Amino acid sequence: MWRLKASLIATILVAILSVPGWGQTLMLFGGDSHKVYLGDLTSSKFDKDSVWNQFGEHGNPFNTNCIWNNFGPYGGEFSNDSPFNEFASNPPVIVDVKGNFYGYFTANRFYKKRTTIEPLLKILDNNKMIRANLDKFRDGMP
């Protein structure tokens, strides 16, 4: 079973790292009017603002405003503000440093203007497996 998960994790990681402009800052903002900064979605696990940095504010699953906090408003499976709620009505937005909009970061497949960036869709569509194996997933990140 773990081999299947490891293979899927590797596939997702390759897809994420192939995002055009990997290293370009794609940020998440959530909450009311999308004013809460939730971190950088496309930077290294060593970047202080990265959602992949387990020691950073935005990657620490014990931080209230972390998308990996299963009990927080931005990571909980039942929160309207969470990308991982398949019925979310107010998921986070993805923007770059210039304010260009890249869609909503949501597992809700029917949400209008859901991101179309394929590697990000892989994260969203496999979020339960990724969240259950987050440490192993992060280990594969650069």
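The values are calculated or read from the model by the stated rules, or taken from the named source; none is laboratory data. As the structure is a prediction and not an experimental result, all values here were calculated from the model. Backbone-built Cβ (ideal geometry, glycine too); neighbour counts: all protein chains shown.
Can you work out which of the residues in the range 90-123 that are in contact (Cβ under 8 Å) with a residue 40 or more places away in the chain and assigned to a loop (DSSP other than H, G, I, E, B) is farthest from the chain's Cα centre (by Cα)?
So the residue we want is 97.
For residues in the range 43-63 being surrounded by 21 or more Cβ atoms within 10 Å (Cβ to Cβ) and more than 14 Å from residue 92 (Cβ to Cβ), which is modelled with the lowest pLDDT?
Top of the filtered list is 43.
For the list (1) crowded, with 16+ Cβ neighbours inside 10 Å; (2) under 18 Å from residue 131 (Cα atoms); (3) in contact with a helix residue (DSSP H, G or I) (Cβ under 9 Å, 6 or more places away or on another chain); (4) modelled with pLDDT under 95, I need the number of the one condition that residue 75 fails.
The one condition residue 75 does not meet is (4).
Given 128, 136, which one is modelled with pLDDT of 90 or more and assigned to a helix (DSSP H, G or I)?
Criteria check complete, one pass: 128.
Taking the range 90-123 on its own, how many of its residues are modelled with pLDDT under 95 and either closer than 14 Å to residue 75 by Cα or among the polar types (S, T, N, Q) (or both)?
Matching residues across the range 90-123 total 3.
In the set 133, 60, 90, 100, which member is touching a strand residue (DSSP E or B) at 6+ places or on another chain (Cβ under 8 Å) and polar (S, T, N, Q)?
Answer to the selection: 90.
Checking the conditions here, which among 86, 57, 77 is assigned to a loop (DSSP other than H, G, I, E, B) and free of Cβ contacts under 8 Å to residues at least 12 places away in the same chain?
77
When the range 20-31 is examined, which residues are found to be in contact with a strand residue (DSSP E or B) (Cβ under 8 Å, 6 or more places away or on another chain) and either exposed (fewer than 15 other Cβ atoms within 10 Å of the Cβ) or at pLDDT below 70 (or both)?
The one that is in contact with a strand residue (DSSP E or B) (Cβ under 8 Å, 6 or more places away or on another chain) and either exposed (fewer than 15 other Cβ atoms within 10 Å of the Cβ) or at pLDDT below 70 (or both): 24.
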